[in-house]
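The values are calculated or read from the model by the stated rules, or taken from the named source; none is laboratory data. It should be emphasised that the depicted structure is a prediction, and the values quoted were computed from it without experimental measurement. A quick note on method: Cβ atoms are made from the backbone with ideal geometry, for glycine too, and the neighbour counts reach across all protein chains shown.
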Amino acid sequence: MPQQPTTIRPGTPADLEPMYQLDRLCFDAPFRFSRAAMRHFASEQGAFTLVAEFQQNSGAPSIAAPHRDGWDATSPPAGTPSTQAPTLAGFIIIHLEHIHPRTQAYVVTLDVAPEHRRQGLARRLLEAAEQQSATRQASPMTLHVWTENTPAINFYERSGYVRTVLHPNMYAPGKDAYGYLKALTNPKP
């Protein structure tokens, strides 16, 4: 079993191609994103992306805050020794949507490489995204899941998400989605 990814950090434009490739590995059409759609969702104002890197010979896990405007164009934080380049193990894209009178967070996608599944990485990414969203005073967190994706449905329900609605034909004809919602607790100042 591979080691836990060692770093969850803000996404950068350099992550776009690895994210696109991982999305193609994780999802069948019509659930995957095109390169253009991936770039759009990751760079849209109010969006932020967190990526998980697997790096051998690394230290303790760390979580870095995303750039305040979303898609951080700087290099990833330094400080983790390595004998090889890190590889993308997973990522999450979140949109902060201003729906008067509040801001809510929306999970655009959560992808984890098959070899890193069942190790708690999806939970770490989701919790980090929830924390960043709450810090920005966003609540609730919402998402959609294909009605036949039982592992994802179980994961989100175990993570405290409540099914709220059925969206017929959301992904394609006959590809319905459940809508989910979770209230986030804003951190105290």
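In the set (1) surrounded by fewer than 17 Cβ atoms within 10 Å (Cβ to Cβ); (2) touching a helix residue (DSSP H, G or I) at 6+ places or on another chain (Cβ under 9 Å), the condition left unmet by Pro168 is number (2).
Kindly check whether there is at least one residue in the stretch 107-119 that is buried (at least 17 other Cβ atoms within 10 Å of the Cβ), among the charged types (D, E, K, R) and under 21 Å from Gln21 (Cα atoms). Yes: the stretch 107-119 contains one or more residues that are buried (at least 17 other Cβ atoms within 10 Å of the Cβ), among the charged types (D, E, K, R) and under 21 Å from Gln21 (Cα atoms).
Residues that are touching a Gly at 6+ places or on another chain (Cβ under 7 Å) and β-branched (Val, Ile, Thr) were ranked within the stretch 157-189; the one that is farthest from Trp146 (Cα to Cα) is Thr164.
Within the stretch 117-128, is even one residue over 17 Å from the mean Cα position of the chain (by Cα) and either of a type outside the set (Lys, Arg) or within 19 Å of Asp28 (Cβ to Cβ) (or both)? No, that holds for no residue. Based on this model, can you work out whether Gly160 counts as in contact with a Lys or Arg (Cβ under 6 Å, 6 or more places away or on another chain), modelled with pLDDT of 95 or more and either among the hydroxyl-bearing types (Ser, Thr, Tyr) or over 15 Å from Thr49 (Cα atoms) (or both)? Considered against the rule, which asks whether it is in contact with a Lys or Arg (Cβ under 6 Å, 6 or more places away or on another chain), modelled with pLDDT of 95 or more and either among the hydroxyl-bearing types (Ser, Thr, Tyr) or over 15 Å from Thr49 (Cα atoms) (or both), Gly160 comes out as yes.
Of all residues in the stretch 148-183, exactly one satisfies the criterion of being closer than 18 Å to Gln104 by Cα, aliphatic (A, V, I, L, M) and within 16 Å of the chain's Cα centre (by Cα), namely Leu181.
Look at the stretch 120-137: where a residue is without any contact (Cβ under 8 Å) to a residue 40 or more places away in the chain and a partner is in a helix (DSSP H, G or I), sitting 6+ places away or on another chain with Cβ atoms under 7 Å, you get Ala122/Phe155.
Could you tell me whether Arg163 is surrounded by fewer than 13 Cβ atoms within 10 Å (Cβ to Cβ), of a type in the set (Lys, Arg) and either at negative phi or out of contact with any Ser or Thr (no Cβ under 9 Å at 6 or more places or on another chain) (or both)? Criteria not met by Arg163.
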